[in-house]
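In what follows, a structure is listed as structure tokens, so that the remarks can point back to it.
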Amino acid sequence: MSSAKKDSLKNGQLKQLIPYIKPYRGRLVVGIIMGVLYGATTSALIAALGWATGLISGDTLSAGIPTLPNAESGKIALDQVIKTVAILPIVAIAQGIIFFIGKYFVEWVGNRVVADLRMDLFKHIHALPMQFFTKSRSGELITRITSDTGALTSLVSNAISDAIRSPFTLMGCVAIMVWTNWQLSVMALVVFPICIAPVALIGKRIRKAAKKRQEGVGDMLSVVQESIGGAIVVKAFQMEEEENTRFNRFNRTIFKMTMRQARGRSLNEPLMTGVSSIGLAGIVVYAYMNDLSLAVLVTFGAAMVNMYKPAKKLSQLHMRVSKTRPSVERIFEILNTTNTIQDRPGSVPFEGSVKNISFQNVSFAYDSGKQVLDQINFDVASGKCIAFIGSSGAGKTTLVNLIPRFFDATEGAILLNGKDIRDYTLHSLRKQIGIVTQQTILFNRSVAENISYGSSDATREQIEAAAKRANAHQFITEMENGYDTVIGERGALLSGGMAQRIAIARALLRNPPILILDEATSALDNESERLVQGALNELMKDRTVFVIAHRLSTITHSDAIIVMDKGQIVEQGTHAELLEKGGKYKYFYDMQFSEKTNGETNVDI
């Protein structure tokens, strides 16, 4: 991609911030008006200073600042002194009030925009299909929500208010300079382009360093999340030093890029100071050679000093934007990611009861082109249980994930009550489905909150009733705070069997007509499996159930068993029918039970 095209893309992403600003344009207009008034009061303050100097020294400005009535005698009229003393604090107080109002309103808009952007980013990430999460690192996504939006917050807190206020202050100072002595003004303004030239070069380096730094933060957070989440494996295999090395590699990259930005920012100040000091020296020489009055010199000097301050801020604005632009790009890279799992035009809410589910010539392939499912066909009537078995990678989990539309079939259709599931609203479809997986997902909240997750209107009595049916009530009441016990991240304070029973209680409380069980007991010991299986049997009553089985003993009573291999259905029937066929199911069955008899590990299916 050419550099011109890249710049166009980046500028386009920055323009995408405009719709976030529009709802608050009223406050922004107030901020702009205050910026104009701030520039005017700055000019007024400088003019008042020159006027006071002229009164005291007896000089006049070329624009006609009044001379003291008795200037020749060297006496100062008392009323003029009072006016001089009064006008300076009055203008200064007015300027302070205007500054406060303007900065508050502009920063309110800026920070509100960032808050809205952060919320939209979080919502959009949750709306994206599961395929997005399989390709993304959670640490990287966390960085974009926190660090990248944080960089944008830093920009709007200072840069936007400076961008609004500084131009008007600059124009006011230039106006005072020209009003005082236009020839001297021309000399001072010639220095400006020389100040700006190096800033653009420094800004480019800062932008590149900022982007690499943000990428490094994402990498570092991923290392932190993986190593802390897998602490038991790290310790068991004595990999602490290796994890420290990985972390330090990204940590040093972040430090290096941070210091590269610091060098750029540090260079900006001495460059501008050096150039401006040369200009100031020239002005002093000019004033001496042309015998300028003290009032003119003080007024012009004050205007020039006040001019360089907003000019410096405006020149630094480019660097601030350059530093922040990579974060904006990374944020909109996510926001511009297309959500392929959405309600179709004309989709309707699902109503009534589940009567049947039918897979018709369903195929699925990932974006890479890898075919996972190929021409899947079967029907399930309401209240029936259908089980799936097959070697790892056969496509079992992908198949059941198509039902709640975590993915969409690339060919064929899944029909619910004779209608394509994509013609139902996504919310109403998923409301009909409960899922219990091998990897139990719980949150760092209380037991009650985890059970009622997705059923926020449930009463404590309903929560406890669901826990009792899931064989979880007894161990919950034995915990320190019972149902109010916070169970830690991912249920860290619970055993695998306890966590699984809470997940089952959550599904029971939701009471869905369709249930998906993805190897829900495969990682449990025999005692935990017995308790969980009892809870699952309670959960499966009067529901349409799709179960992926690891242990064949748990599915022998299923209404139908589907054997999968390489994304295709190779066998289908009841337990007895499949054993009689003597095919792949019988092979798995004989292998698993012979190994169980010999005390060996069950075959992975």
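Every read-out reported here was derived from the displayed coordinates using simple, explicitly stated rules and does not represent laboratory data. Remember, it's a predicted structure, so these values are computed and weren't measured experimentally. Because the Cβ atoms are built from the backbone with ideal geometry, glycine has one as well, and the counts that use them run over all protein chains shown.
Pairs Lys355/Lys384; Lys103/Lys309; Lys135/Lys323: which are spaced more than 20 Å apart, C-alpha to C-alpha?
Beyond 20 Å between Cα atoms: Lys135/Lys323.
Show me 548-557, 164-173 ranked by packing, highest mean number of other Cβ atoms within 10 Å first.
So the peptides 548-557, 164-173, ranked by packing, come out 164-173, 548-557.
Evaluate E = 1/(1 + (r/R0)^6) for Ser455 and Lys355, where r is the Cβ-Cβ distance and R0 equals 25 Å; express this FRET efficiency to the nearest 0.05.
With a Förster radius of 25 Å, E is 0.55.
Report the chymotrypsin sites (Phe, Trp or Tyr not before Pro) located in the stretch 397-485 that are in a DSSP loop and have at most 14 other Cβ atoms inside 10 Å of their Cβ, or state none.
Within the stretch 397-485, the qualifying chymotrypsin sites (Phe, Trp or Tyr not before Pro) (loop, at most 14 other Cβ atoms within 10 Å) are Phe443.
What nm value, rounded to one decimal, do you get for the distance between Glu240 and Phe122 when each label is placed 7 Å out toward the C-beta?
Going by the 7 Å Cα→Cβ label model, 3.6 nm.
Can you tell me which of 580-587, 215-222 comes out highest on packing, and rank the rest after it, using the mean Cβ neighbours within 10 Å?
So the peptides 580-587, 215-222, ranked by packing, come out 215-222, 580-587.
State, as an integer percentage, the relative contact order of the stretch 346-447 based on alpha-carbon contacts under 8 Å between residues 6 or more apart.
35 percent
Show the residues, 5+ positions off or on another chain, whose built amide H is closer than 5 Å to the amide H of Phe388.
It is Val547, Ile548, Ala549, Ile562, by chain and number.
For the stretch 357-440, which trypsin sites (Lys or Arg not before Pro) are both in a DSSP coil and crowded by at most 12 other Cβ atoms within 10 Å?
Lys370
Taking a 32 Å limit on the Cα-Cα distance, which of the listed pairs Lys431/Lys468; Lys396/Lys581; Lys419/Lys581 fall beyond it?
With Cα atoms farther than 32 Å apart: Lys419/Lys581.
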